[in-house]
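Participant: I have a structure here, written as structure tokens, and I will follow up with some questions on it.
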Amino acid sequence: GFVRMNIAIEDGYSFEPGQWVQIKVPAVSILQWHPMSICSAPGHPYITLDIKVVGDWTRGLEQLALKFDPSQYIHSCVFLDLIHGSSHS
């Protein structure tokens, strides 16, 4: 399966096709960061990540998504590293 994450970004941040981010989801793992490709189009007020479930960390993310409750801070706490990569234009 796949997990889709839509993460709101602040004004002033922008991204282009081909870029990626490192994410950390404390409800899944306090220490692990994982690189994920950005799937949303530039200009959106959020970053969309489509994450394939292939290992322990992504299975944990899938389990979190299945019980997701936006009123619980731990469920919606996601850390993003900088936006990495550059477009090839």
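The values are calculated or read from the model by the stated rules, or taken from the named source; none is laboratory data. Here the structure is a predicted model, which means the values were calculated and not measured. Backbone-built Cβ (ideal geometry, glycine too); neighbour counts: all protein chains shown. Surface accessibility is based on the protein's heavy atoms, side chains included, excluding ligands, DNA and RNA. Shrake-Rupley method; radii C 1.70, N 1.55, O 1.52, S 1.80 Å.
Participant: Of the conditions (1) open to solvent by less than 70 Å² (accessible area, probe 1.4 Å); (2) in contact (Cβ under 8 Å) with a residue 40 or more places away in the chain; (3) touching a His at 6+ places or on another chain (Cβ under 9 Å), TRP20 clears all except one; give me its number.
Facilitator: Of everything listed in (1) open to solvent by less than 70 Å² (accessible area, probe 1.4 Å); (2) in contact (Cβ under 8 Å) with a residue 40 or more places away in the chain; (3) touching a His at 6+ places or on another chain (Cβ under 9 Å), TRP20 misses just condition (1).
Participant: Here is a follow-up. Residues to consider are PRO42, PRO26; find the one that is in a loop (DSSP other than H, G, I, E, B) and touching a Ser or Thr at 6+ places or on another chain (Cβ under 9 Å). Step through it out loud before you land on a result.
Facilitator: On the way: PRO26 fails: touching a Ser or Thr at 6+ places or on another chain (Cβ under 9 Å).
Among PRO42, PRO26, only PRO42 is in a loop (DSSP other than H, G, I, E, B) and touching a Ser or Thr at 6+ places or on another chain (Cβ under 9 Å).
Participant: Restricting to region 5-17, name every residue that is exposed (fewer than 11 other Cβ atoms within 10 Å of the Cβ) and acidic (Asp, Glu).
Facilitator: Matches in region 5-17: GLU10, ASP11.
Participant: Enumerate the pairs (first residue in region 50-63 and assigned to a loop (DSSP other than H, G, I, E, B); second residue anywhere and open to solvent by 60 Å² or more (accessible area, probe 1.4 Å)) with beta-carbon separation below 9 Å, excluding pairs fewer than 6 apart on the same chain, so at least 6 apart or on different chains.
Facilitator: VAL53/GLY1; VAL53/PHE2; VAL53/ARG59
Participant: Right, another one. For region 64-89, which positions are open to solvent by 60 Å² or more (accessible area, probe 1.4 Å) and in a loop (DSSP other than H, G, I, E, B)?
Facilitator: Those that are open to solvent by 60 Å² or more (accessible area, probe 1.4 Å) and in a loop (DSSP other than H, G, I, E, B): LYS67, PHE68, PRO70, SER71, GLN72, SER86, HIS88, SER89.
Participant: Look through ALA41, ALA27 and report the one residue that is more than 11 Å from the chain's Cα centre (by Cα) and surrounded by fewer than 16 Cβ atoms within 10 Å (Cβ to Cβ).
Facilitator: On the way: ALA27 fails: surrounded by fewer than 16 Cβ atoms within 10 Å (Cβ to Cβ).
After applying the criteria, what remains is ALA41.
Participant: Just one of (1) open to solvent by 80 Å² or more (accessible area, probe 1.4 Å); (2) modelled with pLDDT of 95 or more; (3) more than 13 Å from the chain's Cα centre (by Cα) trips up GLY60, so point out which.
Facilitator: If we test GLY60 against (1) open to solvent by 80 Å² or more (accessible area, probe 1.4 Å); (2) modelled with pLDDT of 95 or more; (3) more than 13 Å from the chain's Cα centre (by Cα), just (1) comes out false.
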